[in-house]
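Notes follow once the structure below has been shown.
The values are calculated or read from the model by the stated rules, or taken from the named source; none is laboratory data. Keep in mind that what you see is a predicted model, and the values were worked out from it rather than measured. Positions of Cβ are generated from backbone atoms using ideal geometry, with glycine treated the same way; all protein chains shown enter the neighbour counts.
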Amino acid sequence: MAPKLPPHHPVEQSTSAVAGGNAAAHPEPPRGILRWLLTTNHKEIGSLYLIFSLIMFFIGGIFALVVRAELFQPGMSLIRPEFFNQMTTMHGLIMVFAAVMPAFTGLANWMIPLQIGAPDMALPRLNNFSFWLLPVAFILLLSTLLMPGGGPNFGWTFYAPLSTTYAPPSTTFFILSLHIAGISSILGAINIVATILNMRAPGMRMMDMPLFVWTWLITAFLLIAVMPVLAGVITMMLMDINFGTHFFNAAGGGDPVLFQHLFWFFGHPEVYIMILPAFGIVSAIIPTFARKPLFGYASMVYATASIAILSFLVWAHHMFVVGLPLAAELFFMYTTMLIAVPTGVKVFNWITTLFRGSISFEPPMLFALAFVVLFTIGGLSGVMLAIAPADFQYHDTYFVVAHFHYVLVPGAVFAIMAGVYYWLPKWTGHYPNVKLAQWHFWLSVVGVNLTFFPMHFSGLAGMPRRIPDYALQFADFNLVSSLGSFLFGASQLVFVAVVILCVRGGEKAPAKAWEGAVDLEWSVPSPAPLHTFETPPTFQRQQH
Amino acid sequence: MTDSNQPNPGVRRTVVRSVAALVGMFAFAFALVPLYDVFCRVTGLNGKVDTTAQALVHEEVDDSRFVNVQFITRNGSGLPWNLEVETRQVRLHPGQTAEVDFAFHNASDEGTWGRAVPSVSPSSATRHLRKMSCFCFEEQHLKAGERLELPLVFQLARDLPADVNTVTLVYTLYPVTRDDPSLQARATAGKGDEA
Amino acid sequence: MRTMFVWMAGCLIGLASLPAAIASGWNMPVGVTEISREIYSLHMIIFWICVAIGVVVFGVMFYSLFKFRHSRGAKSANFHENTTVEVIWTAVPLLILVGMAVPATATLKKMYDTSDAELDVMIVGQQFRWRYEYLGEDVAFTSSMSTPMAQVRGEEEKGEHYLLEVDNPLVLPINRKVRFLMTSDDVIHSWWVPDFAVKQDTIPGFINENWTRIDEPGIYRGQCAELCGMNHGFMPIVVHAMEEDDFDAWLVERREEAEQEAMGVDRDWEMDELMERGEGVYASVCASCHQDVGQGSPPVFPALAGNQQLLDDPAWHLDVIINGVSGAAMPAFRSTLNPVEIAAVTTWTRNAWGNDTGDVVQPAEVAEELAQ
């Protein structure tokens, strides 16, 4: 799809005095591809991130559909087991590192400067560099599928020694691509922290920031803390594979379980990296369409911070069956259960915001409401998984697959879509087509639930995850899941149609595109000019 | 737009601090490797045991109860050796010292290096197992067809938890590639400790 | 608005079918051990607590969505803080969680008590089969999936226990506490039988423990639960739980079989005999990686049919089978197959699928190689 540039000059419906974008003060950008390669503009880079993540969402989605097609009925009918493993692995890696994370970074690039009244990100050139690392990383990763022995086939969690001693030859390239993607995330996070801490509009205190900014600030701290740990782990893998060390190899005095500890020390905060910005988006949308201030702003901030801190203390709940000592099992069971408290606070705050509001159901609100319901279902199954003795039955079954897809698909992905529908008028100057958006929403909701709800049952009935073929008693569940996944996949084409149509035209949106919207981004014209807030706006404190 | 030629001092400070945090966390990941080892030894996590000899502790033998100690030997891939234990199980009191012989045999026609990697179960017993001497502290070299008997001398501490009445010691044989410098360093270090 | 309610009604009908689904047995099995029953009831308690929370939370939410609609002229209030409710909805979940943690802790403690076992079984995970060793009983064997690949490929009709059937099931007595010691020869696997609520990772170089005491005789099925490579989906577990007397008799029988087999080492075997035996051994321990007609799955699992090194170098061939390959998926069969089996499978692989070398490897040669 051809991305449409934000126009160079303010459009006539601008009503805001603070939003003076002055194209004349800036040199004409280079034309054609060079413009996109060299841009340092936060809006253009934000668009690049979003387009990249949408493309990757489809590539990762196609991998998922290959998996679901194979699982449509018992028997190996389409692909071979080794290719099946590559598909599940690539699906996970692409969705986590190339779809969800860059989508949030894209939204951050676009919206954080607008929400805090800054002219751009703090480090615009670094911003360009961190984006262009991503296509490099993932073209490299995808190319491993064509290498002898195939691509990574050890699951997105790449447990040693399956990913070291027993891995395909392409694993070194997999490590390299993950390193590049990691550097990109880290640089993006540093940029976001520097922007939020130093470039807020005069008068905007930390506790005045919109929650999307707050959640991203905390997410960025998590990224800075744990991405280096991931880099460390994969460096150790690289050394085990190529330089004869024995970090994870029992034969040389190493320990495969150490890998899991290190991985999940990164991996659990990573899970929250993929959900905290979603909380921020939903906390912006619900008050807007309930026409009522967010309930418990301060407690939302504290809850987000507590979730982030607790995320460093729960990693071993992914390892309840590796043979931890009893004391460790109990410790990680209790800390994990504790996370339900701040998460619950968030859900209660959203619902109380709805209570006695004046609610309308525009497309962003539909997705935000579905997020609240379906994310809560995922959260509740998370509480069940936290109970260590019961986890001996749930662990590594489809119950877990159902759980984390509920928090990631109708969780993180729906929040991203809600954010896109919410901010599209700001980006393009047009409202998205409501009818199509409603079709997209309802098809997605039905598809997502058809896909993932039966997985709870197949998991409880005893189906392990990551198997290419299954016993006959799981056939019905898998049939429904596969049909649901095709529906969900196809309905995302509607989403692409909505976005393209919205870029091209549609009902014109005013600066304040939604009646109940209050944050600073709604004070600049729609579409937002390329340069905004060159003179810092005066920040009007709203009630929080 | 902030001109990156004249960075905001606040931005610079934030970046410097973030980079320091990054470097720190990267180093921390590597520091976790030895920390984890220490943690395992202290808590007995994962059945890891000390790889150096411990001193015999003269404590009164607790003859009010018996503990079964089982020995299991296993062959990893790629090492043409047999490892056998003279007895599969001993019964002893906590505080008592026992010696068990293990027989190594190189069934191939060339000399090779190997090591027996130890593991103990249940993990709650690990901390209470003292090995005064064990073939598992070092790598072994066996000439073609050589047979070697090596002892394991150990003691179960008196404070072994009351609910532990069977302790299993497993030794898995793995080949050692001797042109590997890191291993050599490790082996030498191990010997240094012994002396 | 109308479409919205049509869709929503559809979703509600879908949700309403849930309890029916749970009732019809799509749930966690209750199982046949004390632990599995405790875990089941723990699971159901937490499940109903979660359902209750869901009903309250979504109840308030949907009430608000219907009652305070902009289209019905709802005017929004402006409240945005209330310390009392915030304290309450922090404290109440905390109390509910404590209530869940208490029984969970008790069950977990029981699960970790492996003391006073009457039988010790060592479980070894291998790509892609299980090995069971009855410690101190001189009985050990390998258990591989027995579903023919033709069923997997859809060339034959799938049987009742498709993918959940093995050649040699693990045999256990009922009413005796059995301790499992678990380890692996290659990558991490996980041994799981839902009816016992036993799931434990098998980790190369390290040992794990778990235990069970089965209440009812029967056949119980499970699967490997940790991704372990290509054929992760094809390493099922079958446990045959017997009355104690039957189990003791079975042990004696197995031991006698092993003795008989040991005597076979001394005599000269015919090629046909070895080939017949070798085909069986190959299907049981080799085919999961090297595939049913020796085509392998390169580069990790090399082909055996037409493998030049194998054809040219019989000594190397035998050495690889006996000692395995360090750092690769090929395990050492030195102590897990007996000389007859090693000789038979070597003979088979040297003569099957067009490898027609005509070589015969005698059990006596293998025995010599093993002892040297």
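Meeting the requirement of 2 or more residues that are modelled with pLDDT of 85 or more and over 19 Å from the mean Cα position of the chain (by Cα), the strands (runs of 3 or more DSSP E) wholly within segment B:73-121 are B:81-85, B:89-92, B:97-106. Is there a residue in segment A:451-471 that is in contact with a Pro (Cβ under 8 Å, 6 or more places away or on another chain), outside any loop (DSSP other than H, G, I, E, B) and at pLDDT below 95? Checked against the condition, which is being in contact with a Pro (Cβ under 8 Å, 6 or more places away or on another chain), outside any loop (DSSP other than H, G, I, E, B) and at pLDDT below 95, segment A:451-471 yields no hits at all. Evaluated against (1) surrounded by 20 or more Cβ atoms within 10 Å (Cβ to Cβ); (2) within 10 Å of chain C (Cβ to nearest Cβ); (3) under 24 Å from C:Ile96 (Cβ atoms); (4) not aliphatic (A, V, I, L, M), A:Ser311 falls short on exactly one condition, (2). Here is the figure for segment C:28-78: residues that are facing chain A (nearest Cβ under 8 Å), under 16 Å from A:Met384 (Cβ atoms) and either of a type in the set (Gly, Ala, Ser) or in contact with a strand residue (DSSP E or B) (Cβ under 8 Å, 6 or more places away or on another chain) (or both) total 1.
Could you tell me whether any residue of segment A:427-442 is more than 24 Å from A:Pro527 (Cα to Cα), within 14 Å of another protein chain (Cβ to nearest Cβ) and without any contact (Cβ under 8 Å) to a residue 60 or more places away in the chain? The answer is yes, given that some residue of segment A:427-442 is more than 24 Å from A:Pro527 (Cα to Cα), within 14 Å of another protein chain (Cβ to nearest Cβ) and without any contact (Cβ under 8 Å) to a residue 60 or more places away in the chain. Tell me which residues, restricted to segment A:68-81, are in contact with a Gly (Cβ under 9 Å, 6 or more places away or on another chain) and under 25 Å from A:Ile55 (Cα atoms). If the condition is that a residue be in contact with a Gly (Cβ under 9 Å, 6 or more places away or on another chain) and under 25 Å from A:Ile55 (Cα atoms), then A:Arg68 is the only one that fits. Selection over segment B:149-164 of residues that are closer than 27 Å to C:Ser184 by Cα, more than 19 Å from the chain's Cα centre (by Cα) and surrounded by fewer than 16 Cβ atoms within 10 Å (Cβ to Cβ) gives a count of 2. The condition (being under 27 Å from the mean Cα position of the chain (by Cα) and either of a type in the set (Lys, Arg) or assigned to a helix (DSSP H, G or I) (or both)) is satisfied by just one residue among C:Ala106, C:Ala91, C:Ala117: C:Ala106. Of all the numbered requirements in (1) touching a Gly at 6+ places or on another chain (Cβ under 7 Å); (2) in contact (Cβ under 8 Å) with a residue 24 or more places away in the chain; (3) of a type outside the set (Ser, Thr, Tyr), C:Glu86 misses one, and that requirement is (2).
In segment C:150-173, the residue that is nearest to A:Ser77 (Cα to Cα) out of those that are buried (at least 19 other Cβ atoms within 10 Å of the Cβ) and more than 10 Å from chain A (Cβ to nearest Cβ) is C:Val166. All conditions in (1) farther than 19 Å from C:Gln291 by Cβ; (2) assigned to a loop (DSSP other than H, G, I, E, B); (3) touching a residue at least 60 places away in the same chain (Cβ under 8 Å) hold for C:Pro331, with the sole exception of (1).
Go through the residues of segment A:385-402 one by one and say whether even a single one is of a type in the set (Ser, Thr, Tyr), surrounded by 22 or more Cβ atoms within 10 Å (Cβ to Cβ), in contact with a strand residue (DSSP E or B) (Cβ under 7 Å, 6 or more places away or on another chain) and at pLDDT 95 or above. Yes, that holds for at least one residue.
The set of residues in segment A:346-365 being over 23 Å from A:Gln438 (Cβ atoms) and either more than 25 Å from the chain's Cα centre (by Cα) or assigned to a loop (DSSP other than H, G, I, E, B) (or both) consists of A:Thr352, A:Phe355, A:Arg356.
The conditions of being under 19 Å from B:Pro151 (Cβ atoms), at pLDDT 80 or above and among the polar types (S, T, N, Q) are not met by B:Thr14.
Is segment A:447-465 home to any residue that is within 19 Å of A:Met417 (Cα to Cα) and either within 8 Å of another protein chain (Cβ to nearest Cβ) or among the basic types (Lys, Arg) (or both)? Checking segment A:447-465: at least one residue is within 19 Å of A:Met417 (Cα to Cα) and either within 8 Å of another protein chain (Cβ to nearest Cβ) or among the basic types (Lys, Arg) (or both). Here's a check for you: in segment B:74-117, which residue that is more than 9 Å from chain C (Cβ to nearest Cβ) and either among the polar types (S, T, N, Q) or without any contact (Cβ under 8 Å) to a residue 12 or more places away in the chain (or both) is farthest from B:Tyr174 (Cα to Cα)? Once the filter is applied, the top-ranked residue is B:Gln96.
Among the residues of segment C:92-114, is any within 30 Å of A:Ser358 (Cβ to Cβ) and facing another protein chain (nearest Cβ under 7 Å)? Yes, segment C:92-114 contains at least one residue that is within 30 Å of A:Ser358 (Cβ to Cβ) and facing another protein chain (nearest Cβ under 7 Å). Residues that are farther than 21 Å from A:Gly60 by Cα, more than 9 Å from chain C (Cβ to nearest Cβ) and surrounded by fewer than 23 Cβ atoms within 10 Å (Cβ to Cβ) within segment A:146-171 are absent altogether. The residues listed here are A:Ala290, A:Ala340; of these, the one that is at the interface with chain C (Cβ under 7 Å from one of its Cβ atoms), in contact with a strand residue (DSSP E or B) (Cβ under 8 Å, 6 or more places away or on another chain) and small (Gly, Ala, Ser) is A:Ala290. Return yes when C:Thr147 is touching an Asp or Glu at 6+ places or on another chain (Cβ under 9 Å), within 12 Å of another protein chain (Cβ to nearest Cβ) and surrounded by fewer than 24 Cβ atoms within 10 Å (Cβ to Cβ) and no when it is not. It is true that C:Thr147 is touching an Asp or Glu at 6+ places or on another chain (Cβ under 9 Å), within 12 Å of another protein chain (Cβ to nearest Cβ) and surrounded by fewer than 24 Cβ atoms within 10 Å (Cβ to Cβ). For C:Glu81, the stated conditions hold: it is facing chain A (nearest Cβ under 7 Å) and of a type in the set (Asp, Glu). The set of residues in segment B:122-138 that are over 12 Å from the mean Cα position of the chain (by Cα) and under 27 Å from C:Ser335 (Cα atoms) comprises B:Pro122, B:Ser123, B:Ser133.
If you go through segment C:153-182, how many residues are out of contact with any Leu (no Cβ under 7 Å at 6 or more places or on another chain) and assigned to a loop (DSSP other than H, G, I, E, B)? Final tally of qualifying residues: 17. Selection within segment C:59-78: residues that are more than 16 Å from A:Thr288 (Cα to Cα) and touching a Leu at 6+ places or on another chain (Cβ under 9 Å). The member of this set that is surrounded by the most Cβ atoms within 10 Å (Cβ to Cβ) is C:Met61.
Taking the criterion of being among the charged types (D, E, K, R) and modelled with pLDDT of 95 or more, the only residue of segment A:251-290 that qualifies is A:Glu270.
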